[in-house]
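Working notes for the structure below.
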Amino acid sequence: MRIEMTINGALCHADVPPMKPLLSVLREDLGFKGSKEGCGEGECGACSIIMDGRLVNACLVPAVQSSGCEILTIEGLGSPDNMDMLQKAFVSEGAVQCGFCTPGMVIAARALLEENPTPSLEEIKVALSGNICRCTGYEKIYNAVEKAVQDGYCDSFRTRENLCSGQTPTPTSENDSNCFIPEYLKEVFEILDKNKDVSILAGSTDIIPDIKNGKYTLNKIMDLSRVKELKGINKVGDAIRIGSCVTNGDIIRSSIIKNYLPAVWEAAFMSGAPAVQNRATVGGNLSAASGAADLPTILLPLDASVVTEGSGGVREMKLEKFILGYRQPDLKPNEIMREILIPLSKEKSIQRFYKRGSRKTLTLSRISLGFYAEVENGVIWEIRAAAGSMSPIPIRLKALESVLKMKRLTEELIDEAAKVAYDEVNPRKSSEWRKSMTSNLVKSFLKELL
Ligand SMILES: Cc1cc2nc3c(=O)[nH]c(=O)nc-3n(C[C@H](O)[C@H](O)[C@H](O)COP(=O)(O)OP(=O)(O)OC[C@H]3O[C@@H](n4cnc5c(N)ncnc54)[C@H](O)[C@@H]3O)c2cc1C
Ligand code: FES
Ligand code: FES
């Protein structure tokens, strides 16, 4: 297909297969070799670019989803003879050794500074957490970002408007009959009705690694990510409604989520790193129907429902019912997930999400636990708990719930509950570690309630 986009202010186009990773399009078809390929699956950040104002991993963006977008690559900041202030700071602080990670680091830093011109050291660390450097060490890199801020970089860089050429690229799939880019839900349903074998792309962060690892190939595709009706986060009546194409990044930036659903905010914040968060959607996380996904672990205790829609109409079901089995969401062939619906929590309630993995950031959970409890006068009137990463799909901890519900919270009850949780989870790998960790986290949560 022919794709058209603005790269560093100039209109560019390429004739490429729709699922070709944008990183390969940039490097092989368009000659932008600054972005590097390390892992090719979103884990190293060497391919970082800014797309429509957000940091993304170019290796995880299929060409079709870059069509019509505005892209900033490292070449857009400066050249070796004419570096910008941020690039100069990396050199002067000794933040570059072999240089392989450097374009990605600089772009990740630039994305941070476009959003937050006065970041704290902690914010710099979070912003660069998806970028791996194997030889320099991170201190000098953080120093470089701080130096650029002190030197006034944020006042100096060209604004987004000035980067644009004035020409607008258009996303089009007219030249490829196997590729659809709808903008409205009505079109989505028409496409589904006429093309039974079409595969849906949202953020593609699950799909691209699966294709790369040879799990499947896609023949016909539909990009849902531009459908505006799937993107909002709204408080409507006594529920929060989250569109299926809302990304973890949108959740992290949402004041509604921060205020009403702090544990969902926590789960989104702990999923991947910023470049993955800016692509990974709620719909993709739940439709993947996997025990490794983080959001279901907290959405189950929060009693979330899933709304699906197709030309046959709308269905609403509890999330527990939607996840039928591993990789088996309850979606009919002509349906998509439209949104999730989370009832507002009671005033005297507490919600928590815990995750433990093999490292601090960019780690898949080895354990995740979600809790919702209503406590008044020392009595637990309502409690819901769920565990992820210990079985093929996330599970509600019903035995734990029944030992706690309608009980007065005491040290003895906490000990009993911790034992019940230990017995209730049944992980296949690292069984003893995961069981003990579950039991400890249940204890921590209940002690906090106490
Ligand atoms: C480096 C890296 C780190 C990661 N870390 C984490 C992590 O810490 N925690 C975690 O939970 N996940 C993690 N993931 C997995 C992934 O990012 C999430 O599962 C993400 O939410 C998937 O969403 P997506 O939009 O990218 O889905 P896609 O890849 O676009 O789609 C996934 C599946 O869902 C289907 N689908 C998507 N949207 C809809 C819809 N609206 N209706 C019907 N079907 C739909 C697609 O057809 C496909 O089958 C990570 C991935 C990577 C690459
Ligand atoms: S190449 Fe590693 S994140 Fe893209
Ligand atoms: S400078 Fe070599 S990997 Fe970072």
Looking only at the range 123-134, count how many residues are more than 16 Å from ligand 2 (Cβ to nearest atom) and at pLDDT below 95.
0
Tally of residues being touching a helix residue (DSSP H, G or I) at 6+ places or on another chain (Cβ under 6 Å), under 30 Å from Glu347 (Cβ atoms) and surrounded by 18 or more Cβ atoms within 10 Å (Cβ to Cβ) across the range 191-250:
8
Might you check whether a residue that is over 19 Å from Gly34 (Cβ atoms), under 27 Å from the mean Cα position of the chain (by Cα) and of a type in the set (Lys, Arg) occurs anywhere in the range 98-116?
no
Given the condition over 19 Å from the mean Cα position of the chain (by Cα), of a type outside the set (A, V, I, L, M, F, W, C) and farther than 25 Å from Ile221 by Cα, answer yes or no: does some residue in the range 329-336 qualify?
no
For the range 335-346, does any single residue satisfy the condition of being farther than 23 Å from Lys186 by Cβ and either within 16 Å of ligand 3 (Cβ to nearest atom) or among the β-branched types (Val, Ile, Thr) (or both)?
yes
Hey, Met1 hits all of (1) closer than 25 Å to Asn219 by Cβ; (2) of a type in the set (A, V, I, L, M, F, W, C); (3) crowded, with 24+ Cβ neighbours inside 10 Å; (4) more than 16 Å from ligand 1 (Cβ to nearest atom) but one; which does it fall short on?
(3)
Which ones in the range 15-35 are surrounded by 19 or more Cβ atoms within 10 Å (Cβ to Cβ) and in a strand (DSSP E or B)?
Pro21
Could you name every one of the strands (runs of 3 or more DSSP E) located completely within the range 340-450 that has at least 2 residues being farther than 18 Å from Leu299 by Cα?
365-376, 379-388
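Every residue, every condition in (1) of a type in the set (D, E, K, R); (2) within 30 Å of Thr217 (Cα to Cα), yes or no:
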site: Asn8; (1), (2): no, no
site: Cys12; (1), (2): no, yes
site: Ala46; (1), (2): no, yes
site: Arg54; (1), (2): yes, yes
site: Thr73; (1), (2): no, yes
Residues that are within 15 Å of ligand 3 (Cβ to nearest atom) and either under 25 Å from Cys59 (Cβ atoms) or without any contact (Cβ under 8 Å) to a residue 60 or more places away in the chain (or both): does the range 153-160 have at least one?
no
How many of the residues in the range 371-402 are in contact with a Leu (Cβ under 8 Å, 6 or more places away or on another chain), more than 26 Å from Ser287 (Cα to Cα) and among the hydrophobic types (A, V, I, L, M, F, W, C)?
4
Elements of type helices (runs of 4 or more DSSP H) contained in the range 199-288, each with 1 or more residues being within 9 Å of ligand 1 (Cβ to nearest atom) and either among the hydroxyl-bearing types (Ser, Thr, Tyr) or within 17 Å of the chain's Cα centre (by Cα) (or both)
207-212, 248-253, 262-269, 274-277, 282-287
Has the range 239-254 got any residue that is at pLDDT 95 or above and in contact with a Pro (Cβ under 6 Å, 6 or more places away or on another chain)?
yes
Residue by residue through the range 123-147, note down the ones that are under 20 Å from the mean Cα position of the chain (by Cα) and either over 21 Å from Glu41 (Cβ atoms) or part of a helix (DSSP H, G or I) (or both).
Glu123, Ile124, Lys125, Val126, Ala127
Considering residues of the range 395-450 that are surrounded by 19 or more Cβ atoms within 10 Å (Cβ to Cβ) and among the polar types (S, T, N, Q) only, the residue farthest from Gly325 (Cα to Cα):
Ser439
Subset of the range 103-114, residues touching a Lys or Arg at 6+ places or on another chain (Cβ under 9 Å) and either of a type outside the set (D, E, K, R) or without any contact (Cβ under 8 Å) to a residue 24 or more places away in the chain (or both), comes to Pro103, Gly104, Ala111
Return the residue satisfying two criteria in turn: it lies in the range 119-148 and is among the small types (Gly, Ala, Ser) and within 17 Å of Asn57 (Cβ to Cβ), and of such residues it is farthest from ligand 1 (Cβ to nearest atom).
Ala127
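The values are calculated or read from the model by the stated rules, or taken from the named source; none is laboratory data. Keep in mind it's a predicted model, so treat the numbers as computed, not measured. We place every Cβ from the backbone using ideal geometry, glycine too, and count neighbours over all the protein chains shown.
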